[in-house]
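Right, one structure below, let's go through it.
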Amino acid sequence: MVACQNVNTTLFNPFPQGVDSTQHLDMWMQIIAGDRVIISDWPTAPGSTQDQICDGTATLMAQRGYTVYRTPALGTSSHFTYTNAVMCNDLVMIPTYSQQGMSADNTQALAMWQSALPDKTIVQIDATNIISAAGALHCIVMHVPKNLNGALPGTYLIGPQGGSPQVLIPGEQIEIEWLADDDNAATGIDLWMDAPFGSTRPVPIIRNTSNNGAHIWTVPSTSTLRRFRLRVDAKDAEGNTATSYSGGTFTIQ
């Protein structure tokens with residue numbers, strides 16, 4: 001189905017909670033490139049629900065043009081998976097386990113990842129002590145994208161975006177949301193009521209607030225601006241500033 005931003009979305013049946021309590025997709029499948037995917041296989045549980053889900057998904061992805069690679073998975077009291085891996089640029093970190101009898105599976109999984117991504121460096125990380133918490137490497141890592149503006153901050157006003165114009169009621173509480181980043185950190189945020197095309201001096205809403213992504217603004221009863229846009233300025237420690245505006249305008253009733 002096409003549900004968000006014209007992106008094709010496929011919903012898969014979850015694993016039984018007795019096999020994987022989180023029922024997270026990354027515990028048994030990892031898309032590793034635009035045309036390649038790694039999916040778990042269950043050699044010790046053929047025909048099981050989880051095996052049928054993985055086999056069916058492998059067939060589906062192959063039909064969609066993906067090259068499918070299979071890594072072993074085992075599940076008793078814990079779900080031992082090799083798809084719950086972390087990819088960062090040219091480095092790929094995959095789980096390995098020290099439990100008795102898993103040495104061959106560790107070796108097979110490493111060989112499969114190396115075959116699937118021959119230009120990457122594949123490193124095995126021991127996940128023995130965390131896998132019982134129903135997750136491996138991918139579950140404990142958050143990817144932080146590189147700031148596209150280099151040494152300069154960047155910002156985006158999420159909303160509200162206004163209208164033509166959007167009418168605000170005095171005393172109404174509005175949540176203003178934004179995104180901001182920097183190569184180090186955005187150290188301060190300024191929010192403004194800003195006249196279109198700079199025809200009048202902007203009116204501050206709040207100055208030098210923390211970059212927590214949101215501010216509750218109480219609409220004032222009066223303003224020197226009859227019509228205005230919302231504006232966010234993000235500053236860094238070096239004094240650089242980035243600015244973003246609402247797409248539409250506002251007026252106070």
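Charged side chains reduced to their Cβ positions (Lys and Arg at +1, Asp and Glu at -1) give the range 86-198 a dipole of some 420 debye around its Cα centre. Take the alpha carbon gyration tensor of the range 125-171, find the square roots of its eigenvalues, order them as a ≥ b ≥ c, and report rounded if a/c is under 1.5; if not, report prolate when a/b exceeds b/c, else oblate. The shape class here is oblate. With a Förster radius of 25 Å applied to the C-beta separation of T67 and L25, the computed FRET efficiency comes to 0.85. For the chain, the longest principal axis of the Cα atoms and the long axis of helix 49-63 meet at an angle of about 70 degrees. For the range 154-252, the square roots a ≥ b ≥ c of the C-alpha gyration tensor eigenvalues yield an a/c of 1.5 or more together with a/b exceeding b/c, which makes the shape prolate. Between the range 125-163 and the range 81-109, the C-alpha centres lie 22 angstrom from each other. In a DSSP loop and with at most 12 other Cβ atoms within 10 Å, there are no chymotrypsin sites (Phe, Trp or Tyr not before Pro) in the range 79-151. Applying the criteria of a DSSP loop state and at most 15 other Cβ atoms within 10 Å to the trypsin sites (Lys or Arg not before Pro) of the range 1-104 yields R64. Ranking of L110, L157 by neighbouring Cβ atoms within 10 Å, starting from the fewest: L110, L157. For the range 2-140, count all C-alpha to C-alpha pairs, find those more than 27 Å apart, and express that count as a whole percent of the total. In whole percent, the long-distance tail amounts to 16. Going 7 Å from the Cα of T200 toward and past its Cβ, which residues in the range 217-253 have a backbone nitrogen under 11 Å from where you end up? Within reach of a label on T200: 222-229, 251-252.
For the chain, the longest principal axis of the C-alpha atoms and the axis of helix 103-116 are separated by about 60°. With contacts taken as Cα pairs under 8 Å and at least 6 residues apart, the chain reaches a relative contact order of 15 percent. Based on the alpha-carbon gyration tensor of the range 109-150 and its eigenvalue square roots a ≥ b ≥ c, which shape applies: rounded if a/c is under 1.5, prolate if not and a/b is larger than b/c, or oblate? Cα axes put the range 109-150 in the oblate bin.
May I ask you to derive the relative contact order of the range 2-140, considering only C-alpha pairs under 8 Å and at least 6 residues apart, and to give it as an integer percent? All intermediate terms of the calculation are to be shown ahead of the outcome.
Working: 217 pairs, mean separation 31.1, N = 139.
With pairs under 8 Å counted, the relative contact order is 22 percent.
The base-10 log of I(q)/I(0) for the chain, evaluated at q = 0.16 Å⁻¹, reads -1.04 [Debye formula, identical scatterers on Cα atoms, solvent excluded]. Give me the net charge for the shell around L225: Cβ to Cβ below 10 angstrom, other residues only, Lys and Arg +1, Asp and Glu -1. Spelling it out: positives minus negatives among the neighbours equals +3. Each of K120, K146, K235 has some number of other Cβ atoms within 10 Å of its Cβ, and from fewest to most they run K146, K120, K235.
Where a number appears in this text, it was derived from the coordinates with a stated rule and is not lab data. These numbers come from a predicted model, not from an experiment. Neighbour counts are summed over all protein chains in view; Cβ atoms, including those assigned to glycine, are modelled from backbone coordinates with ideal geometry.
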